[in-house]
Amino acid sequence: MNKDILVVIEHIRGEVADISYMMIAAARQLAETTEGEVLAVLMGSGVENLAGNLAADKVIYFEDPQLADFTSSTYQQTLEILISEVNPRAVILGHTSIGMEVASLLSAKSDLPLVSTCLSFSGENGLIKFTSQLYGGKILAEGLIPEPIALLTMVPGGYKPEDGQSSTPPLVTTAAPPQFTDLQISIKQYIEPETGDVDITLQPLLIAVGRGIQLEDNIEIAEELAEAIGGVVCASRPVVDQGWLPTSRLVGKSGYRVKPKVYLALGISGAPEHTEGIAGSETIIAINTDPAAPIFNIAKYGVVEDIFDLVPLLTEKIEES
Amino acid sequence: MNIVVLAKLVPDLVEELEIDDSGIALDMTWLRLIINELDDHAIEEAILLKERTGANVTVLAPDIEGVDDILFTAAAKGADRLIKIVGDYESGVNNLGLARVLTPVIKDLQPDLILAGVEAHEDLDGSIGPLLAGYLDLPFIGYVASIELEEGKATATKEYPGGLSAEMEVALPVVLGIQVADEPPRYVAVSKVRQAMKTAEIEELEAGDFDLSGGPTIDRMYQPEVGESATIIDGSLDDIADSLIGIFKELGVQ
Ligand SMILES: Cc1cc2nc3c(=O)[nH]c(=O)nc-3n(C[C@@H](O)[C@H](O)[C@H](O)COP(=O)(O)OP(=O)(O)OC[C@H]3O[C@@H](n4cnc5c(N)ncnc54)[C@H](O)[C@@H]3O)c2cc1C
Ligand SMILES: Cc1cc2nc3c(=O)[nH]c(=O)nc-3n(C[C@H](O)[C@H](O)[C@H](O)COP(=O)(O)OP(=O)(O)OC[C@H]3O[C@@H](n4cnc5c(N)ncnc54)[C@H](O)[C@@H]3O)c2cc1C
């Protein structure tokens, strides 16, 4: 019976992504049930130092210039060989622009079962279970983690990054990746985030607009409120994808993580990809016509009203006072 | 240049979702299905590439209720060929099963470029794009926000968190997972869709038996408690506005 839990460390341009520490925390929990070890896999070039604070029993570090930048092919080929040598019980990857595609490729190529969007795990009598987040966070699904080797992709929300960090450096073994074959993908350049007029990660009060705003012209009602109260407008992804606000105002998985004193969400449903960007807010207040909107799960205060009725009135009252 | 786009219908999250008597699946009775939003972006990206390069666009979709609408809508936008994969989807087909059926179909179509939405909110066993890339032995780039085509190769812009992206060059054929099209999916008038219903033809291919092996089994499905933590402020609009102002003051942001 396989026991060890392998964690694929995600890092980009010299920084370990928070999800990596959360995955280590999850792996620690699973390894208790399976009575195995937590093995972290780090792939890169000149990034051995990133292993320093991982709370893993061992780190396997693949050093190669061809691993300097992420491509799904090099990661998949390295992991394919490693998995066949280590025979872990589970391999945890981030459900991210790095982990998700590697996991799916591995599943098809190595014929390994994959459970995606895992939020948390549990274990009893040697059996380990997954809880996955489906349908935009509206549904949770539970089941046994398939045997003997399963690939798992993980979303944030179930574990704290601190629990995957350690002040004692782990044992690091450096290894060479396999001879890569048939590599078709190469990096031309990185495109830096567009710098906006304001940095939304530093604002104490954010007025966030979602698809509930309906039309570009309606963003004005949020701008007016922001002006009256001294806040800054930011948005969910559909609004930015429409080109109504720049990427510098995007909150969430593909945008920025914000940590304001107050986050006021107007017509935002609270999809997991959005809420992962607002978890650091001190107080979330949501206005949404749908009482079942998942945003109310993480909001401190909720209002079930139409933003077009309430927001202009709110602005007016603030201007008066 | 042949582009194949994969599209499928998924439950509309705006509607309330309910779990059926089995306790392990959604109740499909009243469920409204819509095109997976990211697949809609994949179709848009394919049409934009067609407009720029004259590519031929085939849209391929599993035969789930409502599929004709999404296929004819794609035709109205400019898709050249429509194919639905007919089969027994009643008891649920996972992405592994779908990818196994689509693999030979796509091989036959000999595409240079295969596009799919990078994920769907109902995926439990990985995403269709990279699964297919695995079976087809093709490279995969996901979270793509822009594509340029040149002779024999594509340049795809892949998104990373925090607004960072990477321009990646890849030899064709390739499977790309689309996060967002270069432009928001276009609106097509209902009259144009009706027109397409008259002129376009949907080809049907038989899926045969689905091989679902390898996918996880669900033992329990449930809805997380909603409204657990939020204190709901109600009353007249006036009262609510006053309460909110009170809260802003208390929290020191006004
Ligand atoms: C962020 C966001 C995402 C959205 N996503 C979707 C979605 O996925 N599916 C969806 O159905 N709706 C969606 N909507 C709602 C809808 O209001 C779109 O704005 C609408 O489809 C117009 O899209 P557009 O901005 O691309 O077109 P525009 O550039 O505004 O319009 C293109 C042309 O179509 C005309 N037009 C636009 N809308 C209509 C209409 N409803 N009836 C007749 N003519 C019209 C315009 O006058 C114009 O001539 C979304 C809205 C928002 C705010
Ligand atoms: C890989 C990936 C990365 C992503 N990254 C991000 C990200 O970084 N940030 C992000 O935000 N999303 C991201 N998404 C998209 C995410 O999955 C959701 O689709 C998105 O967050 C939904 O935005 P929304 O809440 O504005 O829209 P919707 O989910 O459409 O919600 C609109 C809400 O407005 C409410 N509403 C409508 N009208 C009114 C009204 N008049 N008054 C009050 N309420 C109203 C509705 O009840 C609904 O709850 C990502 C998705 C993927 C697949």
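List of remarks:
- Residue B:175 in contact (Cβ under 8 Å) with a residue 40 or more places away in the chain, assigned by TED's automatic domain parsing to the domain that holds residue B:52, in contact with a strand residue (DSSP E or B) (Cβ under 8 Å, 6 or more places away or on another chain) and in a loop (DSSP other than H, G, I, E, B): no
- Some residue of the stretch A:215-223 being more than 23 Å from the chain's Cα centre (by Cα), assigned to a loop (DSSP other than H, G, I, E, B) and within 16 Å of ligand 1 (Cβ to nearest atom): yes
- Of the residues examined, residue A:176 is one that is open to solvent by 70 Å² or more (accessible area, probe 1.4 Å) and closer than 20 Å to residue A:102 by Cβ.
- Residue in the stretch A:275-287 that is over 21 Å from residue A:226 (Cα atoms), surrounded by fewer than 23 Cβ atoms within 10 Å (Cβ to Cβ) and near ligand 2 (Cβ under 9 Å from one of its atoms) present: yes
- Residue B:130 not β-branched (Val, Ile, Thr) and not in a helix (DSSP H, G or I): no
- Among the residues of this structure, residue B:181 counts as one that is within 16 Å of ligand 2 (Cβ to nearest atom), touching a residue at least 40 places away in the same chain (Cβ under 8 Å) and either β-branched (Val, Ile, Thr) or surrounded by 18 or more Cβ atoms within 10 Å (Cβ to Cβ) (or both).
- Residues within the stretch A:241-267 that are within 19 Å of the chain's Cα centre (by Cα), open to solvent by 10 Å² or more (accessible area, probe 1.4 Å) and within 9 Å of ligand 2 (Cβ to nearest atom), tallied: 3
- Evaluated against (1) among the hydroxyl-bearing types (Ser, Thr, Tyr); (2) open to solvent by less than 40 Å² (accessible area, probe 1.4 Å); (3) assigned to a helix (DSSP H, G or I), residue B:155 falls short on exactly one condition, (3).
- Restricted to the stretch B:198-212, and to residues there that are in contact with a helix residue (DSSP H, G or I) (Cβ under 9 Å, 6 or more places away or on another chain) and not in a loop (DSSP other than H, G, I, E, B), the residue that is surrounded by the fewest Cβ atoms within 10 Å (Cβ to Cβ) is B:199.
- Condition check for residue A:268: away from ligand 1 (no atom under 16 Å from the Cβ) and either more than 7 Å from chain B (Cβ to nearest Cβ) or under 21 Å from residue B:12 (Cα atoms) (or both): no
- First in the stretch A:108-125 and at negative phi, second anywhere and charged (D, E, K, R) and outside any strand (DSSP E or B), Cβ under 6 Å, 6 or more apart: A:110/A:80; A:114/B:125; A:116/B:123
- In the stretch A:89-199, counting only strands (runs of 3 or more DSSP E) that sit wholly within it, the ones holding 1 or more residues that are more than 13 Å from every other protein chain (Cβ to nearest Cβ) and modelled with pLDDT under 95 span A:114-124.
- Some residue of the stretch B:185-197 being surrounded by fewer than 20 Cβ atoms within 10 Å (Cβ to Cβ) and touching a Leu at 6+ places or on another chain (Cβ under 7 Å): no
The values are calculated or read from the model by the stated rules, or taken from the named source; none is laboratory data. Keep in mind that what you see is a predicted model, and the values were worked out from it rather than measured. All Cβ positions, even for glycine, are placed from backbone atoms using ideal geometry, and neighbour counts span all protein chains on display. Heavy atoms of the whole protein, side chains included, go into the accessibility calculation; ligands, DNA and RNA do not. Shrake-Rupley method; radii C 1.70, N 1.55, O 1.52, S 1.80 Å.
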